[in-house]
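Trainee: Starting off with a structure, shown below.
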Amino acid sequence: MEEGFCNWGVIRSLLAIVQWWAFNVTVIIMNKWIFQKLDFKFPLTVSCVHFICSSIGAYVAIKIMKVKPLITVDPEDRWKRIFPMSFVFCVNIVLGNVSLRYIPVSFMQTIKSFTPATTVILQWLIWRKYFEWKIWASLVPIVGGILLTSMTELSFNMFGFLAALFGCLATSTKTILAESLLHGYKFDSINTVYYMAPFATIILALPALVLEGPGVIVWLNTHPSVFSSMSIVFGSGVLAFCLNFSIFYVIHSTTAVTFNVAGNLKVAVAVLISWLIFKNPISGLNALGCAVTLAGCTFYGYVRHLISRQPPGTPRTPRTPRSRTEMIPLVNEKLDDKV
């Protein structure tokens, strides 16, 4: 047993998970700190800064450091395939930051755990994709936990709740679009950022300038410590890219089941740390709802893993797909955790 634990593969997996947790939780806490403590209430601008930092970071990682080979994409496909994905990617990040401005990290992270349910429901409604009853059963605790958490949230804000909920829909839409738009391209997290972040910057720059530009100028002229505060804002952008880089590392170091369990434990860690820092009130029923949701997400991941390992011809195997799109597996579901 000792040899197994000391095995380099096990140690590498643990290190990958720890550094992924560290980047993810730090980015979430920093974003909340920016909105709440620095009074920098401009989620579009923060998102734009993140995209700029990610664009630069991805370029350095691929073109200069040669961390990952560049996946060549036809110029026509960049606009027909990558641009629509970038738009949804942009909406997903913005809604996440908007929700952080209005609701506690604990509530936001719990709602974000609703993504597996929205993905399954959208695929069933839009493409009539078949799912085994085990998948539907695994969604029950997720939905139930979200309902319990929402009804007992002491810091409930409808706008923040809707932003987080529609963020789940945007994440699910991104996953579904990836099945068709990115068919034939095996993107990893670094190449995904390399192609999508510049488009997202272009998409978001004008709205951020028009809607938040005057407010940012006023904040710059009135805030007592502009340099240190802006260092935190740009620092969160750098760490947001590091998070994407860490996802690339953890994907290649763990199994799907380990990633799923670690992801849900990461949410619990983020909730705990945010509560210790921001002291947002959490009732007993609210904590129970969060726990039920995370347990449901873990169960969902386990069920997906069992079904994926079924040999062809196993009873209850889904019927023959009706289209090529329906045959395509989810493209890197693990990559949905980007902030």
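Read-outs throughout are calculated quantities, based only on the coordinates presented, and are distinct from any laboratory measurement. Predicted model only: the values in this text are computed from it and were never measured. Don't worry about glycine lacking a Cβ; one is built from the backbone with ideal geometry, like all the others, and counts go over all protein chains shown.
Trainee: Within region 32-65, list the residues whose amide N lies under 19 Å from a label point set 7 Å along Cα→Cβ of residue 228.
Mentor: Taking a point 7 Å out along Cα→Cβ of residue 228, the residues of region 32-65 whose backbone N falls under 19 Å are 32-41.
Trainee: Take peptides 111-122, 41-52 and line them up by average Cβ neighbours within 10 Å, highest first, as a rough protection proxy.
Mentor: Final packing ranking: 41-52, 111-122.
Trainee: Here is a follow-up. Going by average Cβ density within 10 Å per residue, which order do the peptides 98-107, 237-246 take, highest to lowest?
Mentor: Working: 98-107: 25.2, 237-246: 22.4.
The most tightly packed comes first, giving 98-107, 237-246.
Trainee: What is the distance in Å between the Cα centroid of region 116-158 and that of region 79-109?
Mentor: First find each Cα centre; the distance between them is then 18 Å.
Trainee: Once you have a ≥ b ≥ c as the square roots of the Cα gyration tensor eigenvalues for region 15-337, tell me rounded if a/c is under 1.5, and otherwise prolate or oblate according to whether a/b is larger than b/c. Before the final figure, lay out each step's value.
Mentor: Details: a/c = 1.76, a/b = 1.22, b/c = 1.45.
Oblate is the answer for region 15-337, as a/c is 1.5 or above yet b/c matches or exceeds a/b.
Trainee: Within the set of other residues whose C-beta is less than 9 Å from the C-beta of residue 104, count the net charge using Lys and Arg as +1 and Asp and Glu as -1. Walk me through the numbers before you get to the answer.
Mentor: On the way: positive: 32; negative: 153.
Result for the neighbourhood of residue 104: 0.
Trainee: Before rounding to the nearest 500, sum -39500 (n - 2.57) across all DSSP H runs of length at least 4 in the chain and divide by the residue total; then give [θ] at 222 nm in deg cm²/dmol. Kindly include the intermediate steps, with their values, before the conclusion.
Mentor: Working: 13 runs with 248 residues, N = 339.
Here the helix-only value at 222 nm equals -25000 deg cm²/dmol.
Trainee: Sticking with this one: Just to confirm a number: summing +1 for Lys and Arg and -1 for Asp and Glu over residues other than residue 290 whose beta-carbon lies under 14 angstrom from that of residue 290, what do you get? Each step should come with its number before you reach the end.
Mentor: Working: positive: 112, 266; negative: 153.
The answer is +1.
Trainee: Excluding residue 303 itself, what net charge comes from residues whose Cβ is under 10 Å from its Cβ, given Lys and Arg +1 and Asp and Glu -1? The partial results should precede the final answer.
Mentor: Details: positive: 134, 304; negative: 132.
The answer is +1.
Trainee: Hey, can you rank 296-306, 204-214 by average C-beta count inside 10 Å, highest first? The partial results should precede the final answer.
Mentor: Details: 296-306: 19.6, 204-214: 15.3.
Output ranking for 296-306, 204-214: 296-306, 204-214.
Trainee: Sticking with this structure for a sec: Mind scanning 112/279; 186/266; 37/266; 129/186; 134/174 and naming the pairs with a C-alpha gap bigger than 30 Å?
Mentor: On the way: 112/279 20 Å; 186/266 26 Å; 37/266 23 Å; 129/186 22 Å; 134/174 24 Å.
The answer is none of them.
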